[in-house]
Amino acid sequence: APVTVNVRDRSDGEFMAEVCLSPVRYRGEDCVQVMLREVDQNARLRREVSSNQGTDALTGLLTRASFLSQLTAYLADTGRRAPSNALIYLRPDGFDEYQDTLGFTGADRFLAELAAIVKRVLVGNDLACRFSDDGLVLLLRRDSNEPLEPIAQAILDATAEHAVALDHLTLKTRCRMGMVSIGPALHSAEEAISQARMGAQAWQEQPVGLG
C-alpha cells in the first residue's frame, strides 16, 4: 500500500506525497521502482503562485528576492534620510539543534510560529522576509523620530515569552538579534543585512542597541 510522506523539493518547498514501491527489471537486474505522487494536486500550483507574488509559502513573509528589491528601492529613494529606520536580523538561537530534535517538518513549524510573532509586532510600512532557512530580516521604518530600540526589544520579549508546542515537546523561542541604523554610511541592501547578521552572530542577552 502507498505510504504518505513529507517531501522537500529543490526550492525548499514542502508537499505531501504518496510513495509507491514496485519490482522491475532493468538491464537484466531485479530492481525496486520508487514513485512519488503528490497528494494535493493543487499544492504545487499554490506554491508557484506564492513564489511569483514574492511571498514565502511557509512564513507568509516576503521572499529574500522581493525584500532585497524593495529594500534597494527604499535606500535609493528616501531610506537614508528618513527620520527613523533600522534593519534587524533575527535568528532562533540553537536552530540547528531544533532541526536535529524535531526534524525538518517540526523546525519549519517552529519558524512559522516565530514569523507569526514578528508579524504581530510590525506596523504600517515595516517589511519582513524569510532571508534564509533560519533567519528573518526586518525593516523598521517610521515617518517620525520614534526610537526603534523599544520596538526591537518588544520583538525579543515577545519571542522569549512564547512557547511552541510541537508533538511531545514544548520549546521556548529564544532569539539572537542584530540591529543596524540605515544611514549614508551604508551603500547597499546587502551591506546593511551583512552588518545586521554579524550583530546577531555576536549577540549576547542584553538591551538592544543600534549598531
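The values are calculated or read from the model by the stated rules, or taken from the named source; none is laboratory data. What you are looking at is a predicted structure, and each value in this text was computed from that prediction instead of being measured. Neighbour counts run over all protein chains shown; Cβ positions are idealised from the backbone, glycine included. These area figures cover heavy atoms from the full protein model, side chains too; ligands, DNA and RNA do not enter into them. Shrake-Rupley method; radii C 1.70, N 1.55, O 1.52, S 1.80 Å.
The table below lists the values:
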read-out: I151 being assigned to a helix (DSSP H, G or I), of a type in the set (V, I, T), at pLDDT 85 or above and crowded, with 19+ Cβ neighbours inside 10 Å; value: yes
read-out: First in the stretch 161-180 and within 16 Å of E97 (Cα to Cα) and aromatic (F, W, Y), second anywhere and modelled with pLDDT under 70 and not in a strand (DSSP E or B), Cβ under 9 Å, 6 or more apart; value: none
read-out: Qualifying residue in the stretch 90-112 (condition: open to solvent by 30 Å² or more (accessible area, probe 1.4 Å), assigned to a strand (DSSP E or B) and at pLDDT 80 or above); value: yes
read-out: Hits in the stretch 122-165 (condition: in contact with a helix residue (DSSP H, G or I) (Cβ under 6 Å, 6 or more places away or on another chain), among the aliphatic types (A, V, I, L, M) and farther than 17 Å from G178 by Cα); value: V164
read-out: Among residues of the stretch 18-56, those that are open to solvent by 40 Å² or more (accessible area, probe 1.4 Å), modelled with pLDDT under 85 and under 18 Å from L127 (Cβ atoms), counted; value: 2
read-out: Selection count, the stretch 129-144, where residues are open to solvent by 10 Å² or more (accessible area, probe 1.4 Å), assigned to a strand (DSSP E or B) and at pLDDT 90 or above; value: 1
read-out: Positions within the stretch 159-186 being open to solvent by less than 30 Å² (accessible area, probe 1.4 Å), small (G, A, S) and modelled with pLDDT under 85, in sequence order; value: G183
